[in-house]
Amino acid sequence: MKKSKNEFYSLPKDERKKRLLEIALVFLKLGTTAFGGPAAHVAMMEDEIVHKKKWLGKEKFLDLYGATNLLPGPNSTELAIHLGLERGGWAGLLIAGICFILPAMIIVTALAAVYTAYGALPEISGIMYGIKPVIIAIILQALYRLGKSAIKDVFSGVLGACAVLAAFLGLHELLLLALAGLVMMIFKNRGKLHRSKLSLWIPVLPIASLASRGVPSGNLGLSSIFLIFLKIGSVLYGSGYVLLAFLEADFVERLGVITNRQLLDAVSLGQFTPGPVFTTATFIGYIINGVPGAVLATVGIFLPAFLLVGLVNPIIPRLRKSSWIAGLLDGVIIASLGLMAVV
């Protein structure tokens with residue numbers, strides 16, 4: 001992004017520092033209190049950023065949210081990084097992402113140390129039992145507010161209802177997003193079909209797999225931990241169930257460095273703790289190689305999100321100028337809200 005295209009760079013130095021501090025405080029707060037998984041995270045960000053702080057409007061927020069659903073990796077973390085970039089330029093991108101991830105990383109590392117020492121996790125299900133009703137209320141409120149901006153006509157409403165139904169029936173998330181985007185793109189450009197070739201460009205920029213294939217079973221060095229989690233963060237689409245499949249294939253079946261029970265405990269911890277669910281990687285890294293492993297696993301799985309957002313964010317306004325891509329993005333946004341509703 002050129003500096004002239006972000007208002008942040010035209011501000012006085014003191015104002016820029018003030019903004020960056022505000023970004024840090026907001027995302028540290030969210031990283032510490034955002035329980036409930038990606039849908040809840042998005043809802044809390046919408047409440048904090050759009051309504052309380054008024055950093056941007058609902059339409060811009062929805063565009064950024066839609067873009068994250070076209071990228072591999074942790075969607076709510078990518079949204080935090082987008083919001084930081086919009087508010088504070090490249091420094092804001094780094095600060096927002098790090099501050100959203102850091103509290104969960106510290107909490108998970110501490111719990112992993114307890115787990116390693118005593119062979120079990122502390123009882124935290126009671127905490128989640130009390131938090132869940134609040135999470136549900138936050139998600140419903142966000143769905144109502146964002147839905148009013150996304151559902152602009154009868155066709156949008158029908159498409160949203162179909163997305164909810166398809167998600168309930170078990171249609172794969174990526175297929176649902178792609179179909180909704182394609183349907184809306186064609187509908188919005190139906191008058192141009194007779195004089196224009198249908199072209200589709202989806203801003204998905206996957207990074208090539210970098211994981212080593214020759215790592216000996218039962219012995220995993222720090223560089224291998226980093227590279228395997230970098231691969232997972234670069235290519236993983238979908239829910240925590242997809243993450244579970246990736247982790248089982250690499251760490252249980254191929255390498256044999258953790259057991260199935262340890263894997264399930266790691267995934268459970270990622271769900272129970274605040275912040276990104278992908279901090280499951282932190283737990284596994286600690287189990288394999290202590291604090292250094294936890295740090296490198298966390299960096300590896302989240303690094304692609306920073307790179308992908310940095311590449312995609314500058315072109316979102318240009319995508320909006322194309323009626324074809326604007327229609328695609330609108331359809332993806334509606335399907336994304338449908339998936340939130342099903343959650």
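Residues are listed down the side, and each one gets a yes or a no for (1) open to solvent by 70 Å² or more (accessible area, probe 1.4 Å); (2) farther than 30 Å from LYS52 by Cβ; (3) modelled with pLDDT of 85 or more:
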position: LYS148; (1), (2), (3): yes, no, no
position: LYS152; (1), (2), (3): yes, no, no
position: PHE155; (1), (2), (3): no, yes, yes
position: HIS172; (1), (2), (3): yes, yes, no
position: ALA178; (1), (2), (3): no, yes, no
position: ASN189; (1), (2), (3): no, yes, no
position: ARG195; (1), (2), (3): yes, yes, no
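Restricted to the range 272-343, the set of helices (runs of 4 or more DSSP H) holding at least 2 residues that are buried (at least 24 other Cβ atoms within 10 Å of the Cβ) comprises 280-312, 323-342. Among helices (runs of 4 or more DSSP H) entirely within the range 1-109, having at least 1 residues that are in contact with a Gly (Cβ under 8 Å, 6 or more places away or on another chain), more than 19 Å from LEU303 (Cα to Cα) and among the aliphatic types (A, V, I, L, M) singles out 13-33. There is at least one residue in the range 251-269 that is among the charged types (D, E, K, R), more than 17 Å from CYS99 (Cα to Cα), modelled with pLDDT of 85 or more and open to solvent by 50 Å² or more (accessible area, probe 1.4 Å).
Within the range 85-100, the residues that satisfy the criterion of being within 22 Å of THR33 (Cβ to Cβ) and not aliphatic (A, V, I, L, M) are GLU86, ARG87, GLY88, GLY92, GLY97, CYS99, PHE100.
Would you confirm, using the coordinates I've provided, whether VAL312 is touching a Pro at 6+ places or on another chain (Cβ under 7 Å) and within 30 Å of ILE186 (Cβ to Cβ)? Here the answer is yes, as VAL312 does meet what is asked.
Selection within the range 218-247: residues that are assigned to a helix (DSSP H, G or I) and modelled with pLDDT under 85. The member of this set that is surrounded by the most Cβ atoms within 10 Å (Cβ to Cβ) is LEU243.
The values are calculated or read from the model by the stated rules, or taken from the named source; none is laboratory data. Keep in mind it's a predicted model, so treat the numbers as computed, not measured. FYI the Cβ positions are ideal-geometry reconstructions off the backbone, even for glycines, and counts take in every protein chain you see. Just the protein is used for accessible areas: all its heavy atoms, side chains included, with ligands, DNA and RNA removed. Shrake-Rupley method; radii C 1.70, N 1.55, O 1.52, S 1.80 Å.
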